[in-house]
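Taken together, the values in this text are just the output of simple stated rules run on the coordinates, not laboratory data. In this text, all values refer to a predicted model and were calculated from it rather than measured experimentally. Heads up, the Cβs are rebuilt from the backbone with ideal geometry, glycines too, and the neighbour counts pull from every protein chain shown.
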Amino acid sequence: MCITNEENWNVVKDKKVWGVSEMYKNTIAKVEKGDMLLIYEMGITGKEPKPQYIRGLYEVTSDVNRDGKKIFGTHPNRPNETYPLRVKLKEIEVFKSPILFKPLVGDLEFIKNKKQWSGSLRRAMVPLSEKDFNTIRNGK
């Protein structure tokens, strides 16, 4: 599962590419062609809180490539970040009604602390078990 903000979700949707910073090179190195990626949009934009959603499902169609061209939005603490480690994607489905994430937390195995669950998502990517993937994908 890929964790992003609203601005970069739009980049993923428009350009069919996912990128991470160097600090996540070991995580993205495990991604292979054919893997399925769910896109999670964080719920905070500026000062207006909004719900967290799963926005879409994509298939990885390339090996990890390095590209420093700036296409993603700026990280608040790292203004020069370009998320250069990237994979190309094929859209499987952009959900017309995004999947609300919070109601799923109690059923997700990768989230150990159900009260402070957002801590489990403070990284660029989260590997999911098949069970968690299906729980999210099915929205229940």
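For a footprinting-style exposure proxy, rank Trp9, Trp18, Trp117 by other Cβ within 10 Å, fewest first. Let's see the in-between values first.
Numbers: Trp9 21, Trp18 26, Trp117 18.
Fewest-to-most Cβ neighbours within 10 Å comes out as Trp117, Trp9, Trp18.
Once the other residues with Cβ under 13 Å from the Cβ of Val31 are scored (Lys, Arg +1; Asp, Glu -1), what is the net sum? Spell out each step's value before the answer.
On the way: positive: Lys25, Lys30, Lys33, Arg86, Lys88; negative: Glu32, Asp35, Glu59, Asp63.
Here the charged neighbours net out to +1.
Would you compute, for the Cα atoms of the chain, the largest minus smallest coordinate along each principal axis and list the three values in descending order, in whole Å?
38, 36, 29
Return Thr4, Thr135, Thr61 ranked ascending by Cβ neighbour count within 10 Å, so the fewest neighbours appear first. Don't jump to the answer; show the numbers that get you there.
Details: Thr4 23, Thr135 17, Thr61 14.
Ranked by crowding around the Cβ, least crowded first: Thr61, Thr135, Thr4.
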